[in-house]
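Report on the structure given below.
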Amino acid sequence: MADPSSYRPQPGQIPDSPGVYRFRDEHRRVIYVGKAKSLRQRLANYFQDVAGLHPRTATMVTTAASVEWTVVSTEVEALQLEYSWIKEYDPRFNVKYRDDKSYPSLAVTLNEEYPRVQVMRGPKKKGVRYFGPYAHAWAIRETVDLMLRVFPVRTCSAGVFKRSAQIGRPCLLGYIGKCSAPCVGRVTPEEHRELAEDFCDFMAGRTGAYLSRLEKEMHIAAEDMEYEKAARLRDDIGALRRAMEKNAVVLADATDADLIAVVEDELEAAVQIFHVRGGRVRGQRGWVTDKVEAVDTAGLVEHALQQLYGEEKGESVPKEVLVPALPEDTPALAQWLADRRGSQVSLRIPQRGDKKALMETVHRNAQQSLALHKTKRASDLTTRSRALEEIAEALELDGAPLRIECFDISHLQGDDVVASMVVFEDGLARKSEYRRFQVKSFEGQDDVRSMHEVVSRRFRRYLAEKSKTGEWDPQDGEDGPSEDDGKPKRFAYPPQLVVVDGGQPQVAAARRALDELGIDDVAVCGLAKRLEEVWLPGEDDPVVLPRTSEGLYLLQRVRDEAHRFAIQYQRSKRGKRLKSGPLDEVPGLGESRKQALVKHFGSVKKLRQATIDQICEVPGIGRKTAETVAAALAGAVPAGPAVNTATGEIIEDENPAPAGASSERGTEQ
């Protein structure tokens, strides 16, 4: 690895002007391309102390062996040159989006004498008009089938077209009226091209004028008693309206816009784009990328804009681009987009109304896209095997950790402290083995002490199963012992690796818990969220797995699953605590009888004022139960009166409480 100071430019050598810079490795390969308003200020950031750099930036500057730059006159030129160099050199440390699937588009080959409508995938070709992309090819074919009735444009291949011209007989579509049959001369090349252009105009969103024209022609034909023509035009209008209904109106002002949403984690990011034309969603696409450089959401948006519009011109660039975060060089990006479109382009964040609501939908699609990508990646057997091997090598284990258990602590400012244990076997989640714990030995916030308690409880159960003594400590978990029915016990299997969510203190606590129990054949590590560092017991420095490591990805997924499971349990317990009331403390009183009591008296307040004989009148409530209820309510501290914060008046509890509800009032903070 190179020392950045060995190739640092001399002071005053770097110009203080806009430009684009390239880092090269020892083999002269370009590994990173960037742009800057001031080359001097930007490059100075790379040559500070390596320990103070982001880990990804530090890896890049120590991999590089030289840096060079090109001065440009404006930021827009820098943006264009940066895009060109990224495309030319494909640098390993630049964010590069890749399609999570190959999206089909509807294409019209206007570069041919007789334009053809077809489904196309892959790179765009010059002279071809594209619409979409769409999520499914069948959606395109259904739309085209409806529109061919009105715009009978050629859809056949070159071979079929040539064959029909030779034999002087059109194909089936020509006979049923879904092709104007230019192959046999039914229409001239000019007439066929006009049909193709009308088709493009309609697909581009200019539908209102065309439908009005057809309706006018239909009324004229009816007045002239040309009823067959009027009926045909009526059916054409119906077909076009059905085609339009396949894309519901999402923006009422017939907006042309692209909406871009970004969802990211520490290692990857997903981008989702909705193409809205004429107020309707005309296409959708998504990308997934590895975060190989230190970049925030605004930087991801900038890279997405470059890739999305780098090869586009004219109306392919919409009037409005809506994004979740504005890049640093927003004016330069807007000017670059305007140059490509040929007119002004608005680049902004939607704040309210339909556009903000639609942006939330795009964001949800991006979340699903990233989750699906991770699921596909985790389900691959070869990838999982490689991940386990990489973990074993990095942590110097004797073998691959076929069973991994991960622990996480969750609480809300020290209240409702709980823990989770998730299990991954062969790299896949084993949800039937998940366990939940309540931290009971102390109160307050102490993640290290909580981790020690939970790991101790889990492995005391393991030792109890191992010795087959049947000795269970009721405080050790949420579940009691089960009979010896031949089934594996819940804590019978030890893991090869214990992962804790945290750094050195949590790892030390887990290792100490195992040592106290005499367990020395289970490895322990921790995964810190901030820099995704892997900590080992007794080590002052973390193990830094490569960013592209499948092992790091698996550890991250295990940690995130434990975090999710812990938060879910903590929120559940907190919700139950906030909803609890004095009736919950009555022994032997089930949910049905609690609801019957509240329903009979209207509120807990009125129930508290009732006599034992009045309580006995409730169906299902005997005298002994009534005495227990009265005693419990008498000992409970009644809630203070509710106060109208606007007037200061005390609100009497006259309204019946809902069944199963308590009169205690609590506000979730």
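Find how many whole Å separate the alpha carbon centroid of the range 265-335 from the alpha carbon centroid of the range 532-549.
With the range 532-549 and the range 265-335 each reduced to a Cα centre, they are spaced 34 Å.
Report, by chain and number, residues whose modeled amide H sits under 5 Å from the one on E268, excluding near sequence neighbours (fewer than 5 apart, same chain).
Counting only residues 5 or more places away or on other chains, the set is K291.
Set the bar at 31 Å for Cα to Cα. Now go through K313/K355; K216/K356; K35/K313; K573/K606; K37/K319; K319/K374 and name every pair that lies beyond it.
K216/K356; K319/K374, as the Cα separations exceed 31 Å there.
Using 1/(1 + (r/R0)^6) with R0 = 22 angstrom and r between the beta carbons of D296 and A44, what's the FRET efficiency to the nearest 0.05? Walk me through the numbers on the way to the answer.
Working: r = 20 Å, r/R0 = 0.91.
Calculated value: 0.65.
Past the 12 angstrom mark, what percentage of all C-alpha to C-alpha distances in the range 400-444 do you count?
62 percent
Amide H to amide H under 5 Å from R92: which residues, 5+ apart in sequence or cross-chain, H placed 1.01 Å off N in plane?
Hits under the 5 Å cutoff: none.
Hey, what do the phi angles of the range 72-78 turn into as Karplus ³J(HN,Hα) couplings, whole Hz, using 6.51/-1.76/1.60 and θ = phi - 60°, x for Gly and Pro?
Along the range 72-78, the couplings run 10, 8, 9, 5, 5, 5, 4 Hz.
Could you work out how far apart the two model spin labels at D198 and R232 are, taking each label as a point 7 Å from the Cα in the direction of the beta carbon, and quote it in nm?
In this crude spin-label approximation the distance works out to 1.1 nm.
Exactly which trypsin sites (Lys or Arg not before Pro) in the range 151-204 are in a DSSP loop and have at most 16 other Cβ atoms within 10 Å? Write out the running numbers ahead of the final one.
Details: sites: R154, K162, R163, K178, R186, R193; in loops: K178, R186.
Filter output for the range 151-204: R186.
For a quick check: with amide H placed at 1.01 Å from N, whose amide H comes under 5 Å from V345's, ignoring anything fewer than 5 positions away on the same chain?
A338
At 1.4 Å probe size, with every protein chain present, just tell me what the per residue accessible area of the range 290-397 comes to in Å².
Heavy-atom accessible area per residue stands at 48 Å².
How large is the Kirkwood hydrodynamic radius of the range 175-225, counting all unique pairs of alpha carbons, in Å?
12.8 Å
Expressed in nm to one decimal, what extension gain is obtained for the pair H219 and E516 from 0.36 nm per residue of sequence separation less their Cα-Cα distance?
97.8 nm
Are there trypsin sites (Lys or Arg not before Pro) in the range 286-392 that DSSP puts in a loop and that have at most 11 other Cβ atoms within 10 Å, and which ones?
Filter output for the range 286-392: K313, R352.
Would you please give the FRET efficiency between S316 and C616, computed as 1/(1 + (r/R0)^6) with r the Cβ-Cβ distance and R0 = 56 Å, to the nearest 0.05?
0.10
Calculate, for Q166 and S385, the FRET efficiency according to 1/(1 + (r/R0)^6) with r their C-beta to C-beta distance and R0 60 Å; round to the nearest 0.05. If you can, show how the numbers build up before the last one.
Working: r = 57 Å, r/R0 = 0.95.
With R0 = 60 Å, the Cβ-Cβ based efficiency is 0.55.
What whole-number value in cubic angstrom gives the convex hull volume per residue for the C-alpha atoms of the range 1-113?
157 Å³
Spelling out what I want: for every residue of the range 301-312, take phi, set θ = phi - 60°, compute 6.51 cos²θ - 1.76 cosθ + 1.60 (Karplus), and round to whole Hz; glycine and proline get x.
Those phi angles translate into 4, 4, 4, 5, 4, 4, 6, 5, 10, x, 10, 9 Hz.
The values are calculated or read from the model by the stated rules, or taken from the named source; none is laboratory data. As the structure is a computational prediction, the values presented were derived from the model and not from experiment. Cβ: placed from backbone, ideal geometry, glycine included. Neighbour counts: every protein chain shown. Accessible surface areas use protein heavy atoms only, side chains included; no ligands, DNA or RNA. Shrake-Rupley method; radii C 1.70, N 1.55, O 1.52, S 1.80 Å.
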